[in-house]
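Read-outs: derived from the displayed coordinates by stated rules, not from any lab. For clarity, every value in this text was computed on a predicted model and none was experimentally measured. Glycine also receives a Cβ, built like all others from the backbone with ideal geometry; neighbour counts cover every protein chain displayed.
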């Protein structure tokens, strides 16, 4: 068994070198991916959602083109969505407020309302970062509309 000892030592050294290289690669990948994380405070995410909601305000009408620019390009590509044939689903709102942000899942919770607050809905948006830019990740799409929100609770009590 002694004649095989140098061979085993060489194999262990090779395996150790491979392990080190793999660790370095994962460290680099982990570092590069960390730049795509959402912010801790959520200020940028809340501002992004606020801007998106401003495209729904009834005084300016639904601004479909601007709303579509807020949708995740990766989502559009993954689902083979032709943006010329789809519209972003929306509400005609008289006002809105951004309520909270969760860094763990990238969710921004908002309230939107109609004229004289006859109705108030809680709308939650999921944000993702792609190539250093924020986007909304839709919950679903149908025949002609993309739902830009993660979830909606309708007619909530204030």
Rank these for me by crowding, 152, 108, going from fewest to most other beta carbons within 10 Å. 152, 108
At 0.36 nm per residue, minus the direct Cα-Cα distance, what do residue 41 and residue 78 gain on full extension? Give it in nm, one decimal, please. 10.4 nm
So if each residue of separation counts as 0.36 nm, and I subtract the Cα-Cα distance between residue 157 and residue 64, what length gain in nm does that give? 30.6 nm
Pairwise label distance in nanometres, residue 100 with residue 115, each label 7 Å out on the Cα-Cβ vector: 3.3
Everything considered on the Cα gyration tensor (a ≥ b ≥ c; rounded for a/c under 1.5, else prolate if a/b is larger than b/c, else oblate), the range 43-153 must be described as oblate
Among 129, 46, rank each residue by its count of other Cβ atoms within 10 Å, from fewest to most, as a rough exposure measure. 129, 46
